[in-house]
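Engineer: Have a look at this one.
The values are calculated or read from the model by the stated rules, or taken from the named source; none is laboratory data. Just so you know, these numbers come straight off a predicted model, no measurement behind them. Note that we place each Cβ from the backbone using ideal geometry, even for glycine, and neighbour counts take in every protein chain shown. With ligands, DNA and RNA removed, areas are computed over all heavy atoms of the protein, side chains included. Shrake-Rupley method; radii C 1.70, N 1.55, O 1.52, S 1.80 Å.
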Amino acid sequence: KHDDMYSILSICTAIATKALALGLVDTPGTASDAQDEDSSSDDELVPMGGTIPGTTISFDLSNGELDLSEHQINDGGCETLVSHLRTEHHSDSVSRIWFLDLEGNGLSSAGGILLSRELLPYTPLLQHLDLSCNGIGPTGAEALGHALESGAVPLLSHLDLHGNAICDVGCVALGNALTLGSVSVLDLSANRIEHVEALAPLLYNNHAGECLTELNLRENGIESIASFFPRTNNEMASNWRVPSWLTFLDVS
């Protein structure tokens, strides 16, 4: 019997050795090591999306785009979103954002300030920013202006602030900020800008001509806007001129 058992063990050992040599089975410990490596790789993956805490609103950053338009998250939701994005898990994804759309979210000046101070400085690749149909007001526009002046978003080329009631003060702040900006398309329509003088920093006091080509000022009811246009083919009213570098200007 002992001889028979020895023979059987010898045969089993030989079969196992042959299977290992042919790669038909893993070396002891190999499978678990591979699982550990896979687990480690998963831990290193950068989260590319998620859900705003306390809501069912999801977002996806896989393409460098954050589109949360028309969700009415309001200032509270905006604060939650920014705090969530600023966590260590999302920091790398945020730094890759090039497109940010928060149109129609019920943001007030508080929301505008929060975005300008707590999110934009961490989005150096941002090119397109849409905050239209909110209400960031003059104070929010001033905060945004400070962000632009600081160089937080050096690649920003498209800025849409339609319907934010930034008024003359906000227009002046943005005009001054664009001296160091790269914005080529600017929408300030329906913003309660009343006086043509508020446009001076935007059009004449800076180097915006190096970049800005499209400017939308419609639905503002700006006083003396007719002074932008010639009374005759060879005459401009007062000292105002339409900058030659503008390829599109809407003051209707």
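Engineer: Can you tell me which of (1) in a helix (DSSP H, G or I); (2) modelled with pLDDT under 85 is the one His89 doesn't meet?
Structural biologist: (1)
Here's the yes/no breakdown for (1) within 18 Å of Asn191 (Cβ to Cβ); (2) out of contact with any Ser or Thr (no Cβ under 8 Å at 6 or more places or on another chain):
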{"residue": "Arg96", "(1), (2)": "no, yes"}
{"residue": "Gly104", "(1), (2)": "yes, no"}
{"residue": "Gly111", "(1), (2)": "yes, yes"}
{"residue": "Leu126", "(1), (2)": "no, yes"}
{"residue": "Asn134", "(1), (2)": "yes, no"}
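Engineer: Could you check, for the range 108-128, whether at least one of its residues is touching an Asp or Glu at 6+ places or on another chain (Cβ under 7 Å) and hydrophobic (A, V, I, L, M, F, W, C)?
Structural biologist: Yes - at least one qualifying residue is present in the range 108-128.
Engineer: Based on this model, can you work out whether Ala165 counts as surrounded by fewer than 20 Cβ atoms within 10 Å (Cβ to Cβ), assigned to a loop (DSSP other than H, G, I, E, B) and among the small types (Gly, Ala, Ser)?
Structural biologist: Yes.
Engineer: Only one of Gly151, Gly163 is under 21 Å from the mean Cα position of the chain (by Cα), at pLDDT below 95 and at positive phi. Can you tell me which?
Structural biologist: Gly151
Engineer: Given the conditions (1) open to solvent by 30 Å² or more (accessible area, probe 1.4 Å); (2) more than 15 Å from the chain's Cα centre (by Cα), report the number of the one that Asn134 does not fulfil.
Structural biologist: (1)
Engineer: As an exercise: evaluate Thr139 against (1) surrounded by fewer than 18 Cβ atoms within 10 Å (Cβ to Cβ); (2) more than 14 Å from the chain's Cα centre (by Cα); (3) assigned to a loop (DSSP other than H, G, I, E, B) and give the number of the one condition it does not meet.
Structural biologist: Status for Thr139: all satisfied but (3).
Engineer: Checking the condition of a type outside the set (S, T, N, Q), closer than 26 Å to Asp168 by Cα and under 13 Å from the mean Cα position of the chain (by Cα), which residue from Leu61, Leu102 passes?
Structural biologist: Within the list Leu61, Leu102, the selection yields Leu102.
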